[in-house]
Amino acid sequence: MSKQILRKKLLIYRKNNFKPINVKFSLLNLILKKFKFLKNKKIGAYYPINYEIDCFEILKKLNSIGCKISLPVIIKKREMNFYEWSFNDPLQIGKMGIPEPYKLKKVYPDILFVPLVAFDEYKYRLGYGGGYYDRYIQKIIKIKKMLTVGMAFSFQKVNKLPVDAHDKKLDFILTENYIK
């Protein structure tokens, strides 16, 4: 099955099975402790849209322990950067119709939360098809070490995804029930 057909089916499935569930900080904390990412780290996150799992409760907790939050901004076709943001800062609607930070202070995250349409046993993800996150991960790992954490509902897991050469494997998948 092609990525396009699979993506379309899985987006409909996610919409039909969506429940407003927050990911448990205790699960994320297991990852953070393992990698000594407890305080004062830069977190790259996303603004949840299209029935994505909500990461904002975790972001609030991370912010309360001194982590700096950032969100993506589309800077040109198929390219994005992350910019500092706090819950008190206004957002503006970006080129893709997604809220983005208004103030533009570029950040290179230590931990990147990655939204996804589906994931597999091997920690590959299927995104929306633009390649933004794959390109961003490729760019940043040349600059610094970064931990990548896919954020998903457990029902978004599939057996095996079609993988292309440019697809980036994630370090972890964090769901409402478990860490992969």
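The values are calculated or read from the model by the stated rules, or taken from the named source; none is laboratory data. Model, not experiment: these values are computed from the prediction. Note: ideal-geometry Cβ built from the backbone for every residue, glycine included; neighbour counts use all protein chains shown. Note: areas computed on protein heavy atoms with side chains; ligands, DNA, RNA excluded. Shrake-Rupley method; radii C 1.70, N 1.55, O 1.52, S 1.80 Å.
Summary of values
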{"read-out": "Nearby lysines by direct alpha-carbon distance to LYS180 (threshold 16 angstrom, same-chain neighbours under 8 apart not counted)", "value": "LYS24, LYS33, LYS34, LYS123, LYS157, LYS160, LYS168, LYS169"}
{"read-out": "Whole-percent carbon and sulfur share, accessible surface of the chain, 1.4 Å", "value": "53 percent"}
{"read-out": "Value of Rg/Rh across the stretch 90-169 [Cα atoms, Kirkwood radius]", "value": "0.99"}
{"read-out": "Mean shadow area of the stretch 59-132, taken as a quarter of the surface of its Cα convex hull (nm²)", "value": "5.9 nm²"}
{"read-out": "Cα-based radius of gyration of the stretch 126-170 once divided by 2.2 N^0.38 Å, which approximates compact folds", "value": "1.25"}
{"read-out": "Cα-based convex hull, the stretch 94-138, per residue volume (Å³, whole number)", "value": "108 Å³"}
{"read-out": "Size of electric dipole in the chain: Cβ of Lys, Arg +1 and of Asp, Glu -1, about Cα centre, debye, nearest 20", "value": "400 debye"}
{"read-out": "Solvent accessible area, Å² - GLU79, 1.4 Å probe, full protein context", "value": "60 Å²"}
{"read-out": "Quarter of Cα convex hull surface for the stretch 30-180, i.e. mean projection, nm²", "value": "8.7 nm²"}
